[in-house]
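So the structure is just underneath, and the comments pick up after that.
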Amino acid sequence: MTGGWWRRNTAAVVALAVLVPAAALAVGWREWHEVYDDPSQYTRDVLPDEDGTIEIDGAVLGPAKADTFTEADGFELPDGAKVVAVKIPVDNADLDDPIRCWWPTLVEQSTGREWAQMSNELGLSSDPDVQTECDPSPTGPYDIIVPFIVPDDAEGPFWLDIDPDESDGAFARFPVTP
């Protein structure tokens, strides 16, 4: 055996010296871009103009109006809770491809606490004329009405966030105070 271990394994050592850093770079690049290049990570809020409306994806949303309800208003609620209901007019301007969105989210501005809509839990989802999200069919103007069950200590003001599909990371953010 002549030449020693290094000479016999030169090709393997060079391959390792190239492939190990290349693999680390490839995995790091993929993870970086999965987190930071995801379009949903580049979200930007679109706030209402002076008349309280937001134009997004060709549709006009707003102005948003909120009110608070309690058990005295006929709702069965857990102890220490109330309902914040928000109404948002939507005019899809007879678009061929109307705005599509997820259920709105209510965010307490001072703490960042978030709540999902609770129409099913409040028994309000059986009305076919009440929209709790954007209607993907071309229907003309309509209202989104979403109730949220929040704790009594949630005082507002709140943000109502509406996240449309295919909006390049933009979402509508309405300030609401019940």
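The values are calculated or read from the model by the stated rules, or taken from the named source; none is laboratory data. Everything quoted here is computed from the prediction, not taken from an experiment. Using ideal geometry, Cβ is built from the backbone for each residue, glycine included, and neighbour counts are taken over all protein chains shown. In case anyone asks, the SASA skips ligands and DNA or RNA and just uses the protein heavy atoms, side chains included. Shrake-Rupley method; radii C 1.70, N 1.55, O 1.52, S 1.80 Å.
A few notes on this one:
- Tally of residues being part of a strand (DSSP E or B) and either in contact with a Lys or Arg (Cβ under 7 Å, 6 or more places away or on another chain) or open to solvent by 30 Å² or more (accessible area, probe 1.4 Å) (or both) across segment 53-71: 6
- Breaking point among (1) at pLDDT 80 or above; (2) more than 20 Å from Gly156 (Cα to Cα); (3) buried (at least 17 other Cβ atoms within 10 Å of the Cβ), for Gly74: (3)
- Odd one out for Cys134 among (1) open to solvent by 40 Å² or more (accessible area, probe 1.4 Å); (2) within 21 Å of Asp168 (Cβ to Cβ): (1)
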